[in-house]
Structure formats: structure tokens, C-alpha cells
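First up is the structure itself, then whatever we jot down about it.
The values are calculated or read from the model by the stated rules, or taken from the named source; none is laboratory data. Quick caveat: nothing in here was measured; it's all calculated off a predicted structure. Positions of Cβ are backbone-derived with ideal geometry, glycine not excepted, and every protein chain shown enters the neighbour counts.
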Amino acid sequence: MKIIWVLVNCNTVKEATDIGNKSLEERLAACFDIFPRLLARYFWPPKSGKIETAKGCLLVMETLPKNFKKLERIAKKMHNDELPFVGSIDIDNVSADYMKWLRGETG
């Protein structure tokens, strides 16, 4: 049995909470966690060679693979960045009881 973690790099806890709450309201995720990001460095704008520095947090939403595209759309719509990171990680070997709960919560 497989679930996915949908990861979204967010600028603020409020941004992450808003996206996470919307994912719960839409029954696209069963739960979410927010972790602090102490440092992020990246090239921006594209092809400029300029390195930006930021902080923020990482939003992790637990869901089924079928919900990824809808969660991606929500995250992109609600995110403040022009090009937010939204990705997923497959989580295998989930206990049957947990999987039953997650399926029940995500419709």
C-alpha cells in the first residue's frame, strides 16, 4: 500500500497553514505538518547567476497519489512565489490500519 507526501516550500507558516487547511477542507489530504527551513539558497531570477537567500518552512501533506495534481493546483494558486516548489515522495509499506484511516479521510 502506498501513500505520498506532497512537499511545498513556503515563505511563512501562515502560507503553509493556509495551503494545508485548504487541502484538508477539500479532503485532498488526511493531515499535514509544517517544519521550519533555516536556510534556503537558490538562483533567482532564472539564468541571472544571482543567488538569493531565504527562510521559511516546509509543508508536508499526506495523501493518495491520485490527489497530487489537485494539491499542486491549490498550492500554486495560494502560494506567494511565482515558481513554488511542489513535489512528492512515495511512502511505501504503510500499515493497513493507517492506510484505512487515510483513505477514509481523503474520500
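In the range 63-107, what count of residues is obtained for those that are on the phi > 0 side of the Ramachandran plot and of a type outside the set (G, A, S)?
Of the residues in that region, 1 qualify.
Of all residues in the range 48-107, those being more than 14 Å from the chain's Cα centre (by Cα) and aromatic (F, W, Y) number 2.
In the range 60-72, the residues that are in contact (Cβ under 8 Å) with a residue 12 or more places away in the chain and farther than 14 Å from F32 by Cβ never reach a residue that is surrounded by 18 or more Cβ atoms within 10 Å (Cβ to Cβ) and basic (K, R) with C-beta atoms less than 9 angstrom apart, at least six apart or across chains.
Does the range 34-47 contain at least one residue that is free of Cβ contacts under 8 Å to residues at least 60 places away in the same chain, crowded, with 16+ Cβ neighbours inside 10 Å, within 12 Å of the chain's Cα centre (by Cα) and within 17 Å of W101 (Cβ to Cβ)?
No: zero hits.
Check the range 55-67 and report whether any residue there is assigned to a loop (DSSP other than H, G, I, E, B) and either modelled with pLDDT of 95 or more or of a type in the set (K, R) (or both). Yes, some residue in the range 55-67 is assigned to a loop (DSSP other than H, G, I, E, B) and either modelled with pLDDT of 95 or more or of a type in the set (K, R) (or both). For the range 1-23, the candidate set comprises residues that are over 11 Å from the mean Cα position of the chain (by Cα) and surrounded by fewer than 16 Cβ atoms within 10 Å (Cβ to Cβ); within that set, the residue that is farthest from L59 (Cα to Cα) is M1.
Taking the range 82-107 as the range and being of a type in the set (D, E), modelled with pLDDT of 95 or more and not in a helix (DSSP H, G or I) as the test, only D90 passes.
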